[in-house]
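Here's the structure we're looking at; comments come further down.
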Amino acid sequence: MRLVCLDLEGVLVPEIWIAFSEATGITELRRTTRDEPDYDKLMRYRLELLAQNKLKLADIQKVISGMDPLPGALEFANAVKERTQLIILSDTFEQFAKPLMEKLSWPTLFCNSLVIGNDGAVDGYKMRQQNGKREAVLAFKSLNAKVFAAGDSFNDLAMIQEADYGCLFRAPEAIIHEDPHIPCVESFDALLAHIDNFLLPSHIVNC
């Protein structure tokens with residue numbers, strides 16, 4: 001069995017925190033895992049900004065409800081699902097993801113969850129598990145599945161390195177520099193070509 005594991009934000013949908021930054025005018029919220037490799041440090045920074053500006057979950061969800069997949073992403077996701085199983089491995093949160101998953105025709109999603117106070121404030125977050133993307137790939141491989149993985153951020157490198165095959169997608173130079181042996185593509189057509197190569201019955205794959 002062969003599985004395709006993809007990051008969500010920056011690959012299939014826009015970055016949620018960047019969209020929220022633009023909606024609120026808080027430029028500091030533009031910082032993402034493309035900029036900061038330490039996810040806990042990044043989230044503590046975001047939570048502080050939310051508290052300082054008295055922003056709650058409902059404020060973020062309102063922005064998310066108006067977001068759409070990246071151009072071509074739905075067609076790409078459907079093309080992958082026609083070929084094999086598609087799984088989204090994301091560090092987003094259950095409270096963010098539902099409207100985006102609906103617009104992508106409900107792929108399978110593994111993500112984290114937020115801790116919400118009685119007043120609707122975002123008090124904290126819970127990781128599904130540490131290094132969840134890499135651990136998911138390891139778990140799938142333990143089931144004798146072959147795994148292709150792709151993403152665009154520092155927190156995607158471990159899952160791509162652990163996967164049988166994979167590539168970066170529209171990644172910035174700083175991330176490409178972290179592991180120059182991982183190929184990087186810029187279009188959904190090129191990404192689908194890598195996936196088609198991975199799915200070849202000959203098992204001769206050059207990604």
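The values are calculated or read from the model by the stated rules, or taken from the named source; none is laboratory data. The structure displayed is predicted, hence computed values, not measured ones. Cβ: placed from backbone, ideal geometry, glycine included. Neighbour counts: every protein chain shown.
Tell me yes or no: at least one residue of segment 62-82 is crowded, with 16+ Cβ neighbours inside 10 Å, touching a Ser or Thr at 6+ places or on another chain (Cβ under 9 Å) and more than 30 Å from residue 145 (Cα to Cα). Yes, segment 62-82 contains a residue that is crowded, with 16+ Cβ neighbours inside 10 Å, touching a Ser or Thr at 6+ places or on another chain (Cβ under 9 Å) and more than 30 Å from residue 145 (Cα to Cα). Taken residue by residue, segment 108-130 has at least one member that is loosely packed, with under 15 Cβ neighbours inside 10 Å, touching a Leu at 6+ places or on another chain (Cβ under 8 Å) and under 16 Å from residue 5 (Cβ atoms).
Does residue 181 satisfy the criteria of being assigned to a loop (DSSP other than H, G, I, E, B), at positive phi, at pLDDT below 95 and not hydroxyl-bearing (Ser, Thr, Tyr)? Spelling it out, it is not the case that residue 181 is assigned to a loop (DSSP other than H, G, I, E, B), at positive phi, at pLDDT below 95 and not hydroxyl-bearing (Ser, Thr, Tyr). Among the helices (runs of 4 or more DSSP H) confined to segment 20-95, the ones with at least 3 residues that are out of contact with any Pro (no Cβ under 7 Å at 6 or more places or on another chain) and closer than 24 Å to residue 126 by Cα are located at 39-52, 57-65.
Set side by side, the residues 171, 158, 150 differ, and just one is part of a loop (DSSP other than H, G, I, E, B) and either in contact with a helix residue (DSSP H, G or I) (Cβ under 6 Å, 6 or more places away or on another chain) or surrounded by 22 or more Cβ atoms within 10 Å (Cβ to Cβ) (or both), which is 171. Taking the criterion of being crowded, with 18+ Cβ neighbours inside 10 Å and assigned to a loop (DSSP other than H, G, I, E, B), would at least one residue in segment 188-206 satisfy it? Taking every residue of segment 188-206 in turn, none turns out to be crowded, with 18+ Cβ neighbours inside 10 Å and assigned to a loop (DSSP other than H, G, I, E, B).
From the list 79, 58, 23, the lone residue that is within 26 Å of residue 186 (Cβ to Cβ) and either at pLDDT 95 or above or not aromatic (Phe, Trp, Tyr) (or both) is 79. Of the listed requirements (1) under 13 Å from the mean Cα position of the chain (by Cα); (2) under 26 Å from residue 35 (Cβ atoms); (3) among the β-branched types (Val, Ile, Thr), residue 108 misses just one: (2). When restricted to residues that are closer than 28 Å to residue 189 by Cα and in contact (Cβ under 8 Å) with a residue 24 or more places away in the chain, segment 61-76 contains 11.
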